[in-house]
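Notes to accompany the following structure.
The values are calculated or read from the model by the stated rules, or taken from the named source; none is laboratory data. None of the values given here were measured: they were computed from a predicted structure. Using ideal geometry, Cβ is built from the backbone for each residue, glycine included, and neighbour counts are taken over all protein chains shown.
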């Protein structure tokens, strides 16, 4: 019986398809630094997400130390909303895991 519960719990955590897509584009060193674009998804949910992203990144260029922490927060927020998130910083990023 316990095995069946475990199996059902494991299948209940399947990943649902994304409900929206957001691209965060770095515009350059002069504010505003960021443009947030969307290809698909509920416009109300996307706009609310854009507002939160702008609040976290409004004055931060990618080389600012605070950017890394706020970027992680944006990623977690996108995961909670089930959005696919794409970053265009204008340069290749080194994978730092």
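For region 64-76, the set of residues classified as surrounded by fewer than 16 Cβ atoms within 10 Å (Cβ to Cβ) and touching a residue at least 12 places away in the same chain (Cβ under 8 Å) consists of 73 only.
Summed over region 77-97, the residues that are free of Cβ contacts under 8 Å to residues at least 12 places away in the same chain and under 14 Å from residue 34 (Cα atoms) give a count of 0.
Within region 1-25, track down each residue that is modelled with pLDDT of 80 or more and either within 28 Å of residue 59 (Cα to Cα) or surrounded by 10 or more Cβ atoms within 10 Å (Cβ to Cβ) (or both). First the steps, then the outcome.
Residues of region 1-25 that are modelled with pLDDT of 80 or more, as a first pass: 16-25.
18, 19, 20, 21, 22, 23, 24, 25 - these are the residues of region 1-25 that are modelled with pLDDT of 80 or more and either within 28 Å of residue 59 (Cα to Cα) or surrounded by 10 or more Cβ atoms within 10 Å (Cβ to Cβ) (or both).
If you go through region 26-45 and keep only what is part of a strand (DSSP E or B) and surrounded by 15 or more Cβ atoms within 10 Å (Cβ to Cβ), you end up with 26, 34, 36, 38, 41.
When region 46-60 is examined, which residues are found to be within 16 Å of residue 88 (Cα to Cα) and buried (at least 17 other Cβ atoms within 10 Å of the Cβ)?
50, 53, 57, 60
Going through (1) surrounded by 17 or more Cβ atoms within 10 Å (Cβ to Cβ); (2) not in a helix (DSSP H, G or I) one by one, residue 90 falls short only on (1).
Residue-level check: of (1) in contact with a helix residue (DSSP H, G or I) (Cβ under 8 Å, 6 or more places away or on another chain); (2) under 23 Å from residue 17 (Cα atoms), residue 50 misses just (1).
Here's a check for you: in region 46-74, which residue that is in contact with a strand residue (DSSP E or B) (Cβ under 8 Å, 6 or more places away or on another chain) and part of a helix (DSSP H, G or I) is nearest to residue 33 (Cα to Cα)?
Initially, region 46-74 is screened for residues in contact with a strand residue (DSSP E or B) (Cβ under 8 Å, 6 or more places away or on another chain), giving 46, 49-50, 53-54, 57-58, 61-62, 71, 74.
Next, only the ones that are part of a helix (DSSP H, G or I) stay: 46, 49-50, 53-54, 57, 71, 74.
Working: 46: 19, 49: 17, 50: 14, 53: 12, 54: 10, 57: 8, 71: 14, 74: 16 Å.
Among those that are in contact with a strand residue (DSSP E or B) (Cβ under 8 Å, 6 or more places away or on another chain) and part of a helix (DSSP H, G or I), it is 57.
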